[in-house]
Amino acid sequence: MNKAISCACAALAAVLLWSWAACAQRPVFEASELAGSPQEKLPGKLGAPDLTGPQREIPRHAAPPLAPELRGSIRRLETGGRKLVALTFDLCELSDQRAGYDAPLVAVLREFKAPATFFAGGKWMRSHPERAMQLMADPLFEVGSHAWTHGNFGVLGKEAMARQIDWTQAQYELLRDDLTALAGKRGAGYAVKGVRDSIAVFRFPYGRCSAQALEMLASRGVAAVQWDVNMMDAAKTRTSEAIVRDALRLVRPGSIVLGHANGFGHATAEALRSLIPALREKGYEFVTVSALLAAGKPVTAQDCYDSRPGDTAVYDAQFGEGTVHPHRHKP
Ligand SMILES: [Zn+2]
């Protein structure tokens, strides 16, 4: 090969390598798109209950039934002392009110490169399509299901429970298609290769479930993931100091921590700014729920609860079927 041709080949190779690297690293969303506004955290006005489902109500993907060890309600993981912890944030949305999005909270997780799992309501995903796609596209995060309109699985009948689960799964699939199309258009197809085809983890609203509800999820191959550490961040009087203090006392290897990212978590973002480095200082590593499930033995219960069996049953009288604002619910 003469010198001119070999130089041209080398230059071409360099250009190809550069463009491959540029493509591989191009994110789907720009930093300006990921940024949020304080207004976004606020819930919308109460309206008439929206009983409509997603554009396509039947999920396309069917996963094999759950393995026996993943059945039941998962409270935490036995990790053999390995200091793994899963931060989880619920994105609850009722049928009669649009919920918010806590952009500063998500920004703290990104700043600290802390993996986390978001349990998103199906209707929340429909009302926040761009935010849902941003969470799906971010390799730090995992998106799970928090039912369609926050249904109470301690009260709902079988068909209503199935709709809460399946509509959310179908909405996720629709957004995954949209995300794939958007990433392709922006030359970032590579960035969404790792996004799951369907949701693998579910969080019961109000911490309420039943044997029938657990079986329904297990038959669909979806794990019911509750928690063993509650930030109690939806209480307006709860300070970030109290959240951090309690979490540092309660978190143990394999813990699953519950918080809110739909605007109902008041001091959550501020608490995370201290909690993440403090837990790392104690030797903890943050992982998504799915990574935690793969790294240990689930500690399960046959019921769902907050800190002791039966303690969430009081919500049945307070919230009924759970899908409308409690002001509207008449027991
Ligand atoms: Zn919720």
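The values are calculated or read from the model by the stated rules, or taken from the named source; none is laboratory data. All values derive from a computational prediction rather than experimental measurement. Virtual Cβ from ideal backbone geometry, glycine too; neighbours counted across all protein chains shown.
Condition first: part of a strand (DSSP E or B) and in contact with a helix residue (DSSP H, G or I) (Cβ under 7 Å, 6 or more places away or on another chain). Now tell me which residues in region 58-88 satisfy that.
Ser73, Leu77, Leu84, Val85, Ala86, Thr88
Can you tell me which of (1) buried (at least 17 other Cβ atoms within 10 Å of the Cβ); (2) part of a loop (DSSP other than H, G, I, E, B); (3) within 19 Å of the chain's Cα centre (by Cα); (4) not charged (D, E, K, R) is the one Trp124 doesn't meet?
Result: Trp124 passes all but (2).
Which of (1) of a type in the set (A, V, I, L, M); (2) more than 16 Å from the ligand (Cβ to nearest atom); (3) modelled with pLDDT of 95 or more does Ala99 not meet, given it meets every other one?
With respect to (1) of a type in the set (A, V, I, L, M); (2) more than 16 Å from the ligand (Cβ to nearest atom); (3) modelled with pLDDT of 95 or more, Ala99 is out only on (2).
Consider Ala261 carefully, then state whether it is within 16 Å of the ligand (Cβ to nearest atom) and either under 20 Å from Val106 (Cα atoms) or touching a residue at least 12 places away in the same chain (Cβ under 8 Å) (or both).
Yes.
Anything in region 129-152 that is away from the ligand (no atom under 15 Å from the Cβ) and either touching a Phe, Trp or Tyr at 6+ places or on another chain (Cβ under 7 Å) or of a type outside the set (Asp, Glu) (or both)? List them, or say none.
Hits for region 129-152 are Pro129, Arg131, Ala132, Met133, Gln134, Leu135, Met136, Ala137, Pro139, Leu140, Phe141.
So for region 25-34 (the condition being surrounded by 10 or more Cβ atoms within 10 Å (Cβ to Cβ), of a type in the set (A, V, I, L, M) and at pLDDT 95 or above), does at least one residue qualify?
Yes, the conditions are met somewhere in region 25-34.
Kindly indicate the residue of region 42-70 that is among the charged types (D, E, K, R) and at pLDDT 95 or above and also nearest to Ala301 (Cα to Cα) among those meeting that condition.
If we take residues in region 42-70 being among the charged types (D, E, K, R) and at pLDDT 95 or above, then Glu69 is nearest to Ala301 (Cα to Cα).
From the set of residues in region 191-228 that are within 16 Å of the ligand (Cβ to nearest atom) and of a type in the set (Val, Ile, Thr), which is surrounded by the fewest Cβ atoms within 10 Å (Cβ to Cβ)?
Among those that are within 16 Å of the ligand (Cβ to nearest atom) and of a type in the set (Val, Ile, Thr), it is Val201.
Say whether the condition of being crowded, with 22+ Cβ neighbours inside 10 Å and not aliphatic (A, V, I, L, M) is met by at least one residue in region 270-283.
No, every residue in region 270-283 fails to be crowded, with 22+ Cβ neighbours inside 10 Å and not aliphatic (A, V, I, L, M).
Assess whether Ala114 counts as being surrounded by fewer than 23 Cβ atoms within 10 Å (Cβ to Cβ) and in contact with a Gly (Cβ under 8 Å, 6 or more places away or on another chain).
No.
For Tyr206, indicate whether it is among the aromatic types (Phe, Trp, Tyr), in a helix (DSSP H, G or I) and more than 23 Å from Leu51 (Cα to Cα).
So Tyr206 does not fit the description; no.
Condition first: surrounded by fewer than 15 Cβ atoms within 10 Å (Cβ to Cβ), in a helix (DSSP H, G or I) and modelled with pLDDT of 95 or more. Can you find one or more residues in region 309-317 that meet it?
Checked against the condition, which is being surrounded by fewer than 15 Cβ atoms within 10 Å (Cβ to Cβ), in a helix (DSSP H, G or I) and modelled with pLDDT of 95 or more, region 309-317 yields no hits at all.
So which residues in region 62-96 are surrounded by fewer than 21 Cβ atoms within 10 Å (Cβ to Cβ) and within 16 Å of the ligand (Cβ to nearest atom)?
Hit for region 62-96 is Asp96, nothing else.
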